[in-house]
Amino acid sequence: SRRDPHTADLVLVIEGEEKAVSTEGQGPVDACFNAMRALFPHEAVLERYEVKAVTGGTDAQAEVVVKLTEDGKSVLGSGADIDTLVASCRAYVHALNKLIVKRERKAPDALTA
């Protein structure tokens with residue numbers, strides 16, 4: 001049977017400006033990650049997505065780890081929350097921020113004579 005696409009409504013603060021988007025995906029996590037790509041376009045590839053329960057019980061805290069690779073550089077991002085989707089978004093944002101820092105470090109310094 002055909003499954004309806006999942007949707008994500010996401011708001012991110014990018015360089016001090018609030019941006020919002022609504023996207024679809026094959027599942028809720030895919031929809032969230034597509035939303036981030038729509039709000040902050042990038043070429044990074046999701047290499048790994050891992051969910052671990054940090055605590056036990058019905059109110060377990062989930063920790064999500066994602067690995068993003070861009071231009072041969074890989075970063076890990078992590079996020080935790082009782083909601084796996086929220087933890088997933090936090091992990092992806094964490095990884096994206098690390099990639100941005102790596103990009104800026106890669107830029108050559110101004111030449112001096």
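FYI, it's all coordinate maths here, none of it is from the lab. Fair warning: this is a prediction, and the values are worked out from it, not measured in the lab.
Structure values in brief
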| item | result |
| --- | --- |
| Degrees separating the helix 28-39 axis from the principal Cα axis of the chain, which is the longest one | 30 |
| Where only alpha carbons of the chain are counted, the Rg and the Dmax (Å) | 16.1, 68 |
